[in-house]
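Here is the structure we will look at.
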Amino acid sequence: MAGKISMGGRRKGHGQHDVTADPNVIPFIDIMLVLLIIFMIAAPISSVDIEVEMPDARIQPSQRPPRPTWITVTEGAGGVEVYVMNDLVNIGDLGPRTFEAVKENSPQIANDEYEIKDQRIYIRADAGLEYRNVVRVMNMLQNEGFTKIGFVAEDRRR
């Protein structure tokens, strides 16, 4: 810590010395400039091109996860409307249409009914919609065997 002694217009020998707490940053700046020069010299040295023959990978790349299946529940002019992906469906056909949508979205499991019903289904609903309509859609999906059901919310922080 540096200190500054000043008499401040007083007569010699009288009064106290004023001390300021301003740090002396000159040595810090000197050290930073020296480090900057060292790193500027050392950086090109560390980027040397050395050819290395790497072995081939023996693992198979992982499969892409299936596209998510969306079910949208909205309040329309004629009452509650249910969409599977972007297609308007009758509430009674919700289970079979969801099954077909999951089957289309994940062709690698298209022949295994258990795997199809094990996929996650995402439900998004209007904010003003009565919750019982959302529960009704969930119950219809569970009756068809879909047990992994998730809700989607909109991030309003943006």
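None of the figures in this text is laboratory data; all of them are computed from the coordinates on show. Nothing here was measured: the structure is a model prediction, and the numbers come from that model. Positions of Cβ are generated from backbone atoms using ideal geometry, with glycine treated the same way; all protein chains shown enter the neighbour counts.
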Q) Could you state the principal axis extents of the C-alpha atoms in the stretch 27-92, from the largest down, to the nearest angstrom? A) 76, 45, 12
Q: Mind pulling the angle between the C-alpha long axis of helix 131-143 and the longest principal axis of the chain? Nearest 10 degrees, somewhere in 0 to 90.
A: 60
Q. In the stretch 42-84, which GluC sites (Glu not before Pro) fall in coil by DSSP and have 13 or fewer other Cβ atoms within 10 Å?
A. 51, 53
Q | the chain - charge dipole about Cα centre, Lys and Arg +1 at Cβ, Asp and Glu -1, debye rounded to 20 | A | 1220
Q: Please identify, among 123, 50, 109, the residue showing maximal mean-square fluctuation in a Gaussian network model of the chain using a 10 angstrom Cα cutoff.
A: 50
Q. Dipole size in debye (nearest 20) for the stretch 59-152 around its Cα centre, Lys and Arg Cβ +1, Asp and Glu Cβ -1?
A. 280
Q) So, counting K/R as plus one and D/E as minus one, what does the shell of residues with Cβ under 13 Å around residue 94 add up to? A) -3
